[in-house]
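Structure first, then comments.
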């Protein structure tokens, strides 16, 4: 199980562990964003600091109808105790955990300041 807290802005926050190019682990807070269908987004300065490998360009349709083009990198994260290599979208925002990373999990959020955030792995059929 992965746990976190809801902050004063009512954002569900969890700690994410990201391996840099030298396999050193760095932990950062990340906002769970159910409107983001990707895996994980990180800001450009963090991507550069981690020395992540560039993979390709991506496109996204934003909520306002505009299109965004961005760089996609690759990183290994520690997710629920397991190493997982995933695509990382570059975005000028706080780190965001998307729905693809949470696939196969149940998300429970107590939407109060200091509320509990829980991600529980669903049983496989």
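The values are calculated or read from the model by the stated rules, or taken from the named source; none is laboratory data. Keep in mind that this is a model prediction, so the values were computed, not measured. When we count neighbours, we look across all protein chains shown, and the Cβ atoms used for this are built from the backbone with ideal geometry, even at glycine.
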Among 34, 23, the single one that is in contact (Cβ under 8 Å) with a residue 60 or more places away in the chain, surrounded by fewer than 16 Cβ atoms within 10 Å (Cβ to Cβ), in contact with a strand residue (DSSP E or B) (Cβ under 9 Å, 6 or more places away or on another chain) and not in a strand (DSSP E or B) is 34
| said: Take the conditions surrounded by 17 or more Cβ atoms within 10 Å (Cβ to Cβ), at pLDDT 95 or above and touching a helix residue (DSSP H, G or I) at 6+ places or on another chain (Cβ under 6 Å) and apply them to residue 73. Does it pass? | reply: yes
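Being part of a strand (DSSP E or B), in contact (Cβ under 8 Å) with a residue 24 or more places away in the chain and within 23 Å of residue 22 (Cβ to Cβ) is the filter here, so list the residues in the range 84-103 that pass it. Break it down stepwise before answering.
Going residue by residue through the range 84-103, those that are part of a strand (DSSP E or B) are 84-90, 96-97.
Next, only the ones that are in contact (Cβ under 8 Å) with a residue 24 or more places away in the chain stay: 86-90, 96-97.
Passing the criteria: 86, 87, 88, 89, 90.
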Subset of the range 1-20, residues within 20 Å of residue 105 (Cβ to Cβ) and either in a helix (DSSP H, G or I) or touching a helix residue (DSSP H, G or I) at 6+ places or on another chain (Cβ under 7 Å) (or both), comes to 18
Residues of the range 67-82 being within 15 Å of residue 100 (Cβ to Cβ) and not in a strand (DSSP E or B), in sequence order, are 80
Taking the range 37-61 and keeping only residues that are closer than 19 Å to residue 98 by Cβ, part of a loop (DSSP other than H, G, I, E, B) and more than 9 Å from the chain's Cα centre (by Cα), one is left with 37, 43, 52
